[in-house]
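Right, one structure below, let's go through it.
The values are calculated or read from the model by the stated rules, or taken from the named source; none is laboratory data. Here the structure is a predicted model, which means the values were calculated and not measured. Cβ sites come from the backbone with ideal geometry, for glycine too, and all protein chains shown count toward neighbours.
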Amino acid sequence: MSTETADANVNESLSNVASNFIHDIIDADIEAGFARKIHTRFPPEPNGYLHIGSAKAIFINASTAQKYGGLFNLRYDDTNPEKEDTEYVNSIYEDLLWLGAIPTGGVFYGSDYFDKCYEYAIKLIKDGKAYVCDLTAEEIREYRGTLTQPGKDSPYRNRSVEENLALFERMKNGEFEDGTRTLRAKIDMSSPNINMRDPIIYRVCHQHHHRQGDKWCIYPLYDYAHPIQDALEGITHSLCSLEFENHRPLYDWVIENIGFEAPPKQREFARLNVTYTVMSKRYLRHLVETGAVDGWDDPRMPTICGLRRRGYTPSSIFTFVRNAGIAKVYSLVDIEMLEHCIRDELNTTAQRRIAVTDPVKVTITNYPEGKCEYFEVSNNPNDPEAGTREIPFTREVYIERSDFMENPVSKFFRLKPGGEVRLMGAYIVKCTGIEKDAEGNIINILCEADLETRNQMPADGRKVKGTIHWVSTEHAIEADIMMYDRLFTIPDLSSIGENETYNDYLNPDSLKKLTGCKLEPSLKDAKPGDKFQFVRMGYFCMDTKNENTFNSIVGLRDSYNK
C-alpha cells in the first residue's frame with residue numbers, strides 16, 4: 001500500500017470518530033465558555049515501547065484535537081529516571097509518527113519543567129501546604145490507613161515553614177540518601193480517598209537522568225508533576241485511562257493550590273484490554289530480557305513496533321480502537337476484531353502471490369522438457385487497477401504436500417491417485433503415479449496434463465472440483481515463512497490464579513518457522529514491509545529484520561462475529 005493511501009486511511013480513521021462521552025463533555029465546556037481552542041496531550045513514560053493499549057490513548061487525544069480544530073502534544077513523562085532511556089524516547093516518537101498522530105502542538109519533556117515544579121513546591125511549603133517527612137516508605141504505608149480506616153498524621157506534619165524550606169533545600173542539594181526523606185502535600189489524612197492522604201510529591205533519588213544529567217537529586221512524583229505540565233502547556237482536557245479517576249481530586253488540588261488561572265480538566269476513559277494479550281510494560285520487558293521473544297518488535301508482541309513488523313497498518317489499528325468503542329466501562333475486546341480490521345483492509349489492498357510452504361514435486365510427464373510458458377493471473381481480483389502478472393509454467397512444479405493424499409478421505413477434492421485437479425490459472429492435471437524415497441516418503445507425483453484446458457474448462461464437459469496452487473521448480477525462489485499464533489493460551493489473563501504467573505500461559509506454539517518454502521519468482525523484488533496475500537494461505541509481510549523471510553499477518557478465515 002502506498003504512503004499516500006496509508007496517510008489517507010489514517011486521516012479517515014482519526015476523523016471518522018463517532019461522538020462519545022468525552023466529546024459530550026467538551027461540547028458542554030465549549031458552550032459554557034470554558035475553552036475556545038481544545039488542546040490535548042499524550043504523556044507516555046519512556047520506560048518501554050508503546051503497545052496497542054497506548055494506541056487507544058493516542059487515538060482519543062489526537063482525534064479529539066483534530067475534531068475540534070485544536071492541538072495535540074506529545075509530552076514524555078520522564079520524571080522517573082530509574083527505568084527511562086533514550087531508546088524508549090526515540091521509539092515512542094517513531095511509533096507516533098508511524099501511526100500518523102502528528103503532535104501538532106509540539107514535543108515536550110516533563111523533565112524540562114523540573115525547575116517550575118521545584119518553584120511551585122517552594123510555594124506550597126511557604127503556604128503551609130507541603131512538608132518534609134522523615135517516615136520510611138513502610139512507615140508511610142502504615143500511617144496511611146486503609147479503605148475503611150482513616151490514616152494518622154505524620155509526626156513531621158507540623159514542622160515550621162522555615163524548617164521545611166531548609167530541609168527541602170538540603171534534599172535538592174543531595175545531602176540525604178534515597179528513601180530517607182520525602183516532600184508531602186498537606187491535605188487530609190482522614191480523606192475517604194487514600195490518594196488525598198498527604199501524598200508524596202517529591203522523593204530523594206540520586207540517579208542520572210537521560211535528559212537532565214546529574215542536575216537533580218530529587219524528582220517530582222507523576223501525580224504532582226502532571227497537572228503542572230498540563231497547565232503550563234495550555235492543555236484544556238487531560239484525557240487519561242480510568243485508573244487515574246481516583247487521582248483526579250489530587251490533580252485538581254495541585255492546580256488549585258498553585259493557582260493556575262486557566263486550569264485543565266482531567267477526564268478518564270476505560271483502558272483497552274484485548275484477549276490473549278498482556279499490556280504490562282514491566283512484563284513485556286521481562287519477555288524481552290529473558291529471551292522469550294525476539295525483542296520489543298517481535299511480531300507476537302502487542303507493541304506498536306511488533307504490530308508494524310507483523311504487517312499491521314496504522315489505519316487498521318485505529319479502526320480497531322474506534323470500533324472497540326470509547327467508554328468508561330471495563331471491557332475485554334476480542335483479538336479477532338483486530339484481526340478482522342487488518343484482514344478487511346488487506347483484502348482490498350494486498351496483491352496476491354503464490355507460496356508453497358511444504359513443497360512436493362509434481363512432474364507433468366506429457367509436457368515437453370525445457371518448455372516454459374507464462375500464464376496471466378490477477379494481482380487482486382477486488383481491485384481491477386492492480387493489474388495482472390505472468391507466472392512461469394514448466395514440466396516440473398511444486399505443490400503443497402497437503403494437497404495430495406495417497407489414500408484420500410471422503411470428499412477430498414484435491415490431488416489423489418487417478419484424480420484430477422486444476423493447477424490454478426493453468427492446466428487440469430491427472431495423477432498417474434507416485435515416486436517414493438527409501439523411507440517411503442513421496443518425493444515426486446507423476447501427472448498428465450489435459451493440454452486443451454489452458455485456463456478453460458474441459459471440452460467434454462467433465463467437472464473438476466479441486467483447484468490447487470503451484471510454482472515452477474525452475475523459477476521458484478526460496479524463503480522462510482514465520483507462522484505466528486497468539487502469545488498466550490487463555491483469552492483473559494486477568495483471571496489467572498493467585499499462585500500463577502503470565503509465564504504459565506505462554507503458548508509454546510506461538511511461532512513456527514517454515515524453511516525451504518518455494519515462492520513465485522515475482523517475490524524476489526519484494527521489499528521489507530511489503531504485504532501480500534499468499535493464495536489459499538493468508539496475509540504475509542516481508543520481514544524488516546531478516547532477509548528472505550515473510551511473517552504471517554492473519555489468516556484468510558474471518559471468524560469475528562460482527
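Summary table below
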| read-out | value |
| --- | --- |
| Test result for E94, modelled with pLDDT under 95, closer than 30 Å to M542 by Cβ and not in a loop (DSSP other than H, G, I, E, B) | no |
| Only one of L506, L514, L451, L519 that is in the same structural domain as R401 (by TED's automatic domain parsing) and either out of contact with any helix residue (DSSP H, G or I) (no Cβ under 7 Å at 6 or more places or on another chain) or free of Cβ contacts under 8 Å to residues at least 24 places away in the same chain (or both) | L451 |
| Residue within the range 160-172 that is touching a Phe, Trp or Tyr at 6+ places or on another chain (Cβ under 6 Å) and either assigned to a loop (DSSP other than H, G, I, E, B) or in contact (Cβ under 8 Å) with a residue 40 or more places away in the chain (or both) present | no |
| When residues of the range 317-337 are limited to those that are surrounded by fewer than 21 Cβ atoms within 10 Å (Cβ to Cβ) and of a type outside the set (A, V, I, L, M), the one farthest from the chain's Cα centre (by Cα) | K328 |
| Count of the range 403-442 residues which are assigned to a loop (DSSP other than H, G, I, E, B), of a type in the set (K, R) and in contact (Cβ under 8 Å) with a residue 40 or more places away in the chain | 1 |
| Whichever residue in the range 258-277 is crowded, with 21+ Cβ neighbours inside 10 Å and polar (S, T, N, Q) and, among such residues, is nearest to E336 (Cα to Cα) | T277 |
| Residue count for the range 210-257, restricted to those that are surrounded by fewer than 20 Cβ atoms within 10 Å (Cβ to Cβ) and part of a strand (DSSP E or B) | 2 |
| Some residue of the range 141-159 being assigned by TED's automatic domain parsing to the domain that holds K126, closer than 16 Å to A121 by Cα and touching a Gly at 6+ places or on another chain (Cβ under 9 Å) | no |
| Subset of the range 234-257 [of a type outside the set (G, A, S), touching a Phe, Trp or Tyr at 6+ places or on another chain (Cβ under 7 Å) and closer than 17 Å to D77 by Cβ] | L239, V254 |
| Scope the range 187-202; condition in contact with a Ser or Thr (Cβ under 6 Å, 6 or more places away or on another chain) and surrounded by 19 or more Cβ atoms within 10 Å (Cβ to Cβ); matching residues | R197 |
| Residue that is modelled with the lowest pLDDT, among those in the range 81-91 that are outside any helix (DSSP H, G or I) and surrounded by fewer than 18 Cβ atoms within 10 Å (Cβ to Cβ) | K83 |
| Selection count, the range 317-348, where residues are within 21 Å of F532 (Cα to Cα) and basic (K, R) | 1 |
| Selection status of L99, in contact with an Asp or Glu (Cβ under 6 Å, 6 or more places away or on another chain), buried (at least 24 other Cβ atoms within 10 Å of the Cβ) and not assigned by TED's automatic domain parsing to the domain that holds H208 | no |
| Residue check, R184 more than 44 Å from the chain's Cα centre (by Cα), surrounded by 13 or more Cβ atoms within 10 Å (Cβ to Cβ) and closer than 22 Å to E256 by Cβ | no |
| E245 vs. criteria among the acidic types (D, E) and out of contact with any strand residue (DSSP E or B) (no Cβ under 7 Å at 6 or more places or on another chain) | no |
| K436 vs. criteria assigned by TED's automatic domain parsing to the domain that holds I468, at pLDDT 95 or above, more than 27 Å from L514 (Cβ to Cβ) and surrounded by fewer than 15 Cβ atoms within 10 Å (Cβ to Cβ) | no |
| Counted residues, the range 124-166 - those being under 23 Å from I228 (Cα atoms) and of a type outside the set (F, W, Y) | 12 |
| Sole exception among (1) within 22 Å of the chain's Cα centre (by Cα); (2) of a type in the set (G, A, S); (3) closer than 18 Å to R309 by Cα for A526, by number | (1) |
| Output for the range 80-132, where each listed residue is over 19 Å from R211 (Cβ atoms) and hydrophobic (A, V, I, L, M, F, W, C) | L97, W98, L99, A101, I102, A121, I122, L124, I125, A130, V132 |
| Residue within the range 105-120 that is in a loop (DSSP other than H, G, I, E, B) and either farther than 23 Å from A231 by Cβ or out of contact with any strand residue (DSSP E or B) (no Cβ under 8 Å at 6 or more places or on another chain) (or both) present | no |
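Residue by residue, here is whether (1) at pLDDT below 95; (2) exposed (fewer than 15 other Cβ atoms within 10 Å of the Cβ); (3) under 42 Å from the mean Cα position of the chain (by Cα); (4) of a type outside the set (S, T, N, Q) holds:
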position: R395; (1), (2), (3), (4): no, no, no, yes
position: Y398; (1), (2), (3), (4): no, no, yes, yes
position: P417; (1), (2), (3), (4): no, no, no, yes
position: G425; (1), (2), (3), (4): yes, no, yes, yes
position: A449; (1), (2), (3), (4): no, no, no, yes
position: N455; (1), (2), (3), (4): yes, yes, no, no
position: P458; (1), (2), (3), (4): yes, yes, no, yes
position: G461; (1), (2), (3), (4): yes, yes, no, yes
position: K465; (1), (2), (3), (4): yes, yes, yes, yes
